[in-house]
Amino acid sequence: MIKKSNDDEQTLEVDEEEGYGQENSDIYDGMPVTCGGILVGIKKVNVKSTNQDMAILDVEDQNGNYSVMLPPRMYERYKRTLQEDMIVSFVGKISIREGKEPIIVAEKMQELKEETEKETKQNKTVYLKFAA
């Protein structure tokens, strides 16, 4: 069931009778999403058919936890930099399968970094003009 708050924010909740992706739901399989949060878990998984590794990431945001799947190509690209407590954003699609929790299949991933004080000072120049 989808609950909408006053600020039009959507929250996905499990409803045993309705399930996910039903006709009266705003969330459906293959729906494009953009999301982000803090990585709280990283699980490496081997795809038996191709013998490639991929990852299932546990992500936490202000509303709770959700899972993101990094397909083999993306996992190969980011595996050296993935670590818990990273702040990341994702673009992808929701995958809804009967009997399983929804998961976001990532198509793009970006680490969001806080700007350090040193970077801030290096990037700004101040000019003062005054009459002599």
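The values are calculated or read from the model by the stated rules, or taken from the named source; none is laboratory data. Predicted model only: the values in this text are computed from it and were never measured. The protein model used for the area step is the full one, side chains on, heavy atoms only, and it has no ligands, DNA or RNA in it. Shrake-Rupley method; radii C 1.70, N 1.55, O 1.52, S 1.80 Å.
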Checklist entry - Rank LEU39, LEU128 by accessible area, highest first, at a 1.4 Å probe radius? => result LEU128, LEU39
Checklist outcome for this item: So GLN52 and LEU128, fully extended at 0.36 nm per residue minus their Cα-Cα distance, gain in nm 21.5 nm
Item to check | Accessible surface, 1.4 Å probe, highest first, among residues THR34, THR50 | outcome: THR34, THR50
Item to check | Whether region 26-103 is rounded, prolate or oblate, judged on the alpha carbon gyration tensor where a/c under 1.5 counts as rounded | outcome: oblate
Item to check | Largest-first ordering by accessible area, 1.4 Å probe, given options VAL91, VAL33 | outcome: VAL91, VAL33
